[in-house]
Amino acid sequence: MKRYLMVMAALAAVVGLMALAGSAAARPAPQLRKVCSAYAREHFHDVTAHLPDGTKCIGVGEYCSHGRGFASAYREYGFVCESNGRLEEI
């Protein structure tokens, strides 16, 4: 009887792990939303940027932040935040 309970417990554990692994794989991957419109990308050369405070559409002349992590994020997309608080191309 003791052996039967051990086998059933092991089987239940295996089934539980398989169910857990299956539910983790079944989650859909998050989709990135397009932030900049096609018009903005074509006429203003704006880009969709993933910044420390969220995903935004950025372009030359827009306001920017001097906060932590923003300088490297702006450089990644080809911009620099000038002392006047506006984005400029590198």
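The values are calculated or read from the model by the stated rules, or taken from the named source; none is laboratory data. Remember, it's a predicted structure, so these values are computed and weren't measured experimentally. All Cβ positions, glycine included, derive from the backbone under ideal geometry; neighbour counts span all protein chains shown.
Observations, loosely collected:
- For the range 19-51, filtered to residues that are surrounded by 12 or more Cβ atoms within 10 Å (Cβ to Cβ) and either modelled with pLDDT under 85 or touching a helix residue (DSSP H, G or I) at 6+ places or on another chain (Cβ under 6 Å) (or both), the residue that is nearest to Arg75 (Cα to Cα) is Leu51.
- Residue in the range 57-68 that is at pLDDT below 90, out of contact with any strand residue (DSSP E or B) (no Cβ under 7 Å at 6 or more places or on another chain) and over 18 Å from Ile90 (Cα atoms) present: no
- Filter result for Arg3 (modelled with pLDDT of 90 or more and surrounded by fewer than 10 Cβ atoms within 10 Å (Cβ to Cβ)): no
- Residue within the range 51-58 that is of a type in the set (Asp, Glu) and under 24 Å from Tyr39 (Cβ atoms) present: no
- Filtered residues of the range 63-77 (kept if closer than 23 Å to Ala38 by Cα and surrounded by 15 or more Cβ atoms within 10 Å (Cβ to Cβ)): Cys64, Ala73, Tyr74, Tyr77
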